[in-house]
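*Asks:* One structure is given below, represented as structure tokens, and several questions about it will come after.
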Amino acid sequence: MVNLAVDLSGKTALVTGAGSGIGYGVAQVLAQNGAAVILNDLSAGLAGAARSLNGEAWPGDITDPGVIEPVKDRKIDILVNNAGFQHIAPVEDFPPETFRRLLEVMLVAPFLLCRAVLPGMKERGFGRIINIASVHAKIASVFKAGYVSAKHGLLGLTRVVALEAAPHGVTVNAVCPGYVDTPLVRNQLAKLAVEHNLGPDEVLEQVILRPVPQKRLLTPEEVGYLTLFLCSEAAGSITAQGYTIDGGWSQV
Ligand code: NAD
């Protein structure tokens, strides 16, 4: 773990989808720098993840109004919209209900959470909203119609909320990672290995990392460090941006 020494003591951060992967990595980095962390997830691993960070578990599906509604009554200084999933299929075979679900989880829920936390942030004159988007908020790939649409939308949402919140000490940015070593990517690896008739290591090297100059997956903590900087006082003038972190892959 790198020590960037940002003091987040007294601040409370809500991170969605924090039971594993990037969300957990982000929550870990924020907690290590003094934030009280609230971890949301619908997975069984949530309680253990929250315990390991001395954090609070906020269980449930983030598209459920019953999970979002109580957020309005909490002092949230930092909101990290991270929960997400992937579905890969050609447009003609893409199940409409899965397309809608991708938008619900990765675009509508972040919108509703922004609505829930903004009044308190504005009143206190401080807030940080970080939307974990993707390189796929800026470029497209085949077979990812739902994911790419949701992430492009999330970057648009980031910019609108940033403009509205700007006079109130609240910054809103997106973090746009390339491939990060998480269960989401490991699942894609397993599927690609079958399709390409390769082993998981070969598919990583020959398919996923082929266009990545650094030839490695990012770590969830690396996404956490960028998020941490955007949460700092030092980043107070940075807003309405989408920061790519992808080992040189996309150059966007
Ligand atoms: P992951 O599968 O490891 O973690 C996602 C977490 O979100 C899971 O714990 C899951 O249970 C939770 N989740 C899913 N739907 C939810 C819901 N409706 N309510 C509450 N929790 C829910 O995946 P990850 O790779 O850590 O992805 C996290 C975010 O980062 C996603 O938004 C993803 O699109 C984005 N991202 C990932 C990569 C990557 O390469 N891994 C790259 C760019 C962006």
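The values are calculated or read from the model by the stated rules, or taken from the named source; none is laboratory data. Keep in mind the model is a prediction, meaning the values are calculated, not measured. Note that we place each Cβ from the backbone using ideal geometry, even for glycine, and neighbour counts take in every protein chain shown. Surface areas here come from the heavy atoms of the whole protein model, side chains and all, with no ligands, DNA or RNA. Shrake-Rupley method; radii C 1.70, N 1.55, O 1.52, S 1.80 Å.
*Asks:* Checking the conditions here, which among VAL160, VAL207 is β-branched (Val, Ile, Thr), in the same structural domain as GLY25 (by TED's automatic domain parsing) and out of contact with any strand residue (DSSP E or B) (no Cβ under 6 Å at 6 or more places or on another chain)?
*Replies:* On inspection, the qualifying residue turns out to be VAL160.
*Asks:* Kindly provide the set of residues from segment 117-141 that are part of a loop (DSSP other than H, G, I, E, B), within 14 Å of the chain's Cα centre (by Cα) and within 17 Å of THR239 (Cβ to Cβ), ordered by number.
*Replies:* Correct list: ALA133 only.
*Asks:* Every residue in segment 99-114 that is open to solvent by less than 50 Å² (accessible area, probe 1.4 Å) and within 10 Å of the ligand (Cβ to nearest atom), please.
*Replies:* LEU102, VAL105, MET106, ALA109, PRO110
*Asks:* Among the strands (runs of 3 or more DSSP E) lying completely within segment 1-116, list those that include at least 3 residues that are without any contact (Cβ under 8 Å) to a residue 60 or more places away in the chain.
*Replies:* 36-41, 56-59
*Asks:* If you go through segment 35-52, how many residues are under 15 Å from LEU230 (Cα atoms) and either under 12 Å from the mean Cα position of the chain (by Cα) or surrounded by fewer than 24 Cβ atoms within 10 Å (Cβ to Cβ) (or both)?
*Replies:* Matching residues across segment 35-52 total 0.
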